[in-house]
1. Taking GluC sites (Glu not before Pro) as exposed when DSSP calls them loop (any state but H, G, I, E, B) and at most 16 other Cβ atoms lie within 10 Å, what is the longest stretch of the chain free of them, the sites themselves excluded?
2. Can you give the charge dipole size of the chain about its Cα centre, rounded to the nearest 20 debye, using +1 on the beta carbon of Lys and Arg and -1 on the beta carbon of Asp and Glu?
3. From the convex hull of the Cα coordinates of the chain, what is the mean projected area in square nanometres?
4. Looking at Pro13, Ala39, Asn2, which one has the Cα that reaches farthest to the positive end of the dipole of region 1-45 (charges on Cβ: Lys, Arg +1; Asp, Glu -1)?
5. Can you list which of the DSSP-assigned H helices in the chain have a Cα extent of 24 Å or more along the long axis and an average Kyte-Doolittle score of at least -0.5?
6. Relative contact order for the chain: what is it in percent, counting Cα pairs under 8 Å that are at least 6 residues apart?
7. Report the full-extension gain for the segment Ser73 to Glu31: residue separation times 0.36 nm, less the Cα-Cα distance, to one decimal in nm.
8. Using only DSSP helix segments of four residues or longer, with each worth -39500 (n - 2.57), what per-residue ellipticity at 222 nm results for the chain after dividing by its residue count and rounding to 500?
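No value in this document is a laboratory result; all are computed from the given coordinates. Keep in mind that what you see is a predicted model, and the values were worked out from it rather than measured. Neighbour counts are summed over all protein chains in view; Cβ atoms, including those assigned to glycine, are modelled from backbone coordinates with ideal geometry.
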Amino acid sequence: MNLQNLNEDVSVPRNIRRGAKEAREILMNSEESIDVKVASAISILDELVNDPNVPIHGRTAIWSIMSQLESLSSIKN
């Protein structure tokens, strides 16, 4: 699952979908460096994953996305 899928998943609460959309928009911003984009997106996703209303499949998807983003940032360094 990716951020777009998470944003479109109606079984996930609206605030989580909104956060996924915000993280995706940050990552798509071509004016920021990759490090800043990744750090900002991970920060948003970290807040989302700690929301008690996130269903298990949503939490798993967020962890997976965060892991992929962290691997991007480690490749860069």
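1. Answer from the scan: 33-77.
2. Numbers: 8 positive and 11 negative charges, 39 e Å.
So the dipole magnitude of the chain works out to roughly 180 debye.
3. Values: hull surface 18.2 nm².
With the hull built on Cα positions only, its mean projection is 4.5 nm².
4. Of the candidates, Pro13 comes out farthest on the positive side.
5. Numbers: long enough: 56-76 (30 Å, 0.22).
Membrane-span-like by this rule: 56-76.
6. Numbers: 67 pairs, mean separation 25.5, N = 77.
Computed over the chain, the figure is 33 percent.
7. On the way: separation 42, 0.36 × 42 = 15.12 nm, distance 1.71 nm.
Separation in residues times 0.36 nm, less the Cα-Cα distance, equals 13.4 nm.
8. Values: 4 runs with 58 residues, N = 77.
It comes out at -24500 deg cm²/dmol, rounded to the nearest 500.
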